[in-house]
Amino acid sequence: MTREFSKIKESLASWGDIRQLLRGGEQGQLVPVVIPKDRRGFAWMALVFLALYFAGMAALTDLTVMAALAALFFLVVALVTMWRKAIIEIEEGTTGVRSRWGAITGTLPPGRHYLWLPWDRVDAVVDTSTEIPYSAPIVACPTAENVPLKSIEFFLKFRIVDPVAFVRTIGAGNFDLVLSSAVQDAIRQRSRRVNTERAYDLRGSDVGDMQDALNRQLGRYGVRITGANIPDVQLPDQYQQHLATREKVAKELSAYEREWELTRKRRIDTLLMEIERSKKTRDARVVEVKAAHNTARKNVARMLEEQETEAQRVTWEIEARGRADLTSAENEAKALRRLAESYRDNRAVLQYELARRRLDVGAKLAENAPQPLIVRTQQGQSDSALSTLLLAQLLPRISGTGNGPVNGHIPSA
């Protein structure tokens, strides 16, 4: 069922009904402004005339005391009536618009006020604290495809911030027309920017720009929009059927997509499990490869150490053999040198010993040798045969009797 526009009006009421009208409205219509009835009147002036009449009687007749008391009584009643009629009570949350001789002179805040002069009066009592709700269902709003929507319900709240401007400029009845026109224009402009299939997106959408535009339009009337939204959008019946079919297809598609999503998830989970299993197998193989690699590295390191040890041993053997050969060569050289020295020394000894032995042999030979006989002849003479014969005869005797050589002189013949 399509809702109707909210209605705004101003009412004429007595001071006792102002509260009820401002808070509850009148016959379902909003009443932000109430024009109070002037209850003062001029009855107190009749009482003043009576008081003057009795005062004149007290002055001109013999009933002085009675007339004076009556005049005083009517005067007091007139003053009390005047005081009572001058009291103006402005309810909390409202503001009174004060005028003098029909011209607005200011405002009256909440509380008790006194208007003594009869030409001072309160033209209107305006609700300035309540945020007034306003509902505006717009019918047949065309979309971007020129499809008329069944209705768009627009809801806003406004507050009267300047009662003088509101009362003086527009009034509640005229404001209702201006506000409904501005809201319809704003809603139609918004619907023109939306595709039909996206019309439901208007529900609860951001309408801050519309609120700002309405504030710019209605600000000069002393009204400020405090909040706005779009609570409901209704599409045409035929389009709703089409949309229902699309929704059904969309639901089936969504169900298929969910089923496919579940199947895909199962497949993905299976693949992930296979991947995890492959990862574990790969990790195990990697561990094995690393272990084999480490073992190979250890074997290679051990083999290298063995090779290095063997090379070191061979090196040490070669060095030892070389040192041994060198030492042997050095020892042999020293032996040869010592042998040469000893040979040199032994040669001298042998030569000495040979010379000594030669001497010994020569001595022995000299002891056993025949003693020579030296025959001295005169110088310048040659040996004669006679001397030779004599020498031959003497030699055997000399050699047989003597051991050593005998020096003698054989006289020459």
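Side notes on the structure shown:
- Residue under evaluation T128, criteria (1) without any contact (Cβ under 8 Å) to a residue 40 or more places away in the chain; (2) over 23 Å from G227 (Cβ atoms), criterion not met: (2)
- Cβ-Cβ distances below 6 Å connect the following pairs, each with a first residue in segment 31-44 that is surrounded by fewer than 19 Cβ atoms within 10 Å (Cβ to Cβ), a second residue that is modelled with pLDDT of 80 or more, and a separation of six or more residues or different chains: I35/A124.
- Residue match in segment 237-259 (condition: crowded, with 16+ Cβ neighbours inside 10 Å, of a type in the set (F, W, Y) and modelled with pLDDT of 75 or more): no
- Criterion (touching a Phe, Trp or Tyr at 6+ places or on another chain (Cβ under 8 Å) and modelled with pLDDT of 75 or more) met by exactly one of I104, I88: I88
- Test result for D283, surrounded by 10 or more Cβ atoms within 10 Å (Cβ to Cβ), in a helix (DSSP H, G or I), of a type in the set (D, E) and modelled with pLDDT under 80: no
- Qualifying residue in segment 141-159 (condition: in a helix (DSSP H, G or I) and either in contact with a helix residue (DSSP H, G or I) (Cβ under 7 Å, 6 or more places away or on another chain) or among the aromatic types (F, W, Y) (or both)): no
- Output for segment 172-224, where each listed residue is at pLDDT below 80, of a type in the set (G, A, S) and buried (at least 17 other Cβ atoms within 10 Å of the Cβ): A172, A199
- Test for H293: is it modelled with pLDDT under 80, over 37 Å from the mean Cα position of the chain (by Cα) and not hydroxyl-bearing (S, T, Y): no
The values are calculated or read from the model by the stated rules, or taken from the named source; none is laboratory data. Fair warning: this is a prediction, and the values are worked out from it, not measured in the lab. Quick reminder, even Gly has a Cβ in these numbers, built from the backbone with ideal geometry, and neighbours come from all protein chains shown.
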